[in-house]
1. If you check every pair at least six apart or on different chains, which have Cβ atoms under 6 Å apart with a residue in the stretch 99-110 that is surrounded by 11 or more Cβ atoms within 10 Å (Cβ to Cβ) first and a residue that is modelled with pLDDT under 75 second?
2. Report yes if residue 133 is more than 23 Å from residue 55 (Cα to Cα) and at pLDDT 75 or above, otherwise no.
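The values are calculated or read from the model by the stated rules, or taken from the named source; none is laboratory data. Everything quoted here is computed from the prediction, not taken from an experiment. When we count neighbours, we look across all protein chains shown, and the Cβ atoms used for this are built from the backbone with ideal geometry, even at glycine.
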Amino acid sequence: MSDYKRDFSKLNFDDEIDLSKLFNVLRVNRIFIASFTGLFFLVSIVISLFLTNIYTAQTILAPSSKGDMNNNLSQYAGLASIANITLPGSSSGILDKDLALSLIKSKALLNRLINNYDILPDLIAAQSWDLASNSVN
């Protein structure tokens with residue numbers, strides 16, 4: 001049983017870090033570190049050049065409600081809507097705004113535009129826009 005016990009007082013724990021040895025190891029291996037980093041840099045650039053470009057666009061549209069409220073109440077309209085309070089003259093455009101936002105967010109509007117105005121080829125295969133003739137190339 002005494003064979004399994006160790007005398008930890010006789011063990012020498014060297015837990016100090018010698019910075020000069022660390023810098024020496026980095027200096028000796030600097031060519032390997034630089035070439036390894038450069039290799040991954042070049043591979044990442046080559047891969048990024050061969051990937052296809054994907055472009056996305058988002059927009060949020062909302063009708064403005066100018067002229068319904070006087071200037072004194074219009075500055076508090078946002079705060080009043082948070083508190084679920086309707087200010088005088090501010091309720092006229094709320095239903096129209098909600099309807100317009102829900103219509104814009106729906107796919108039904110996009111389907112109607114594609115079917116009625118034939119915009120799908122322009123969305124998918126547009127190369128450029130000619131401003132003079134107002135047409136897609």
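1. Short answer, once both residue conditions are applied: 100/63; 104/61; 109/103.
2. Yes; evaluated as a whole, the condition is true for this residue.
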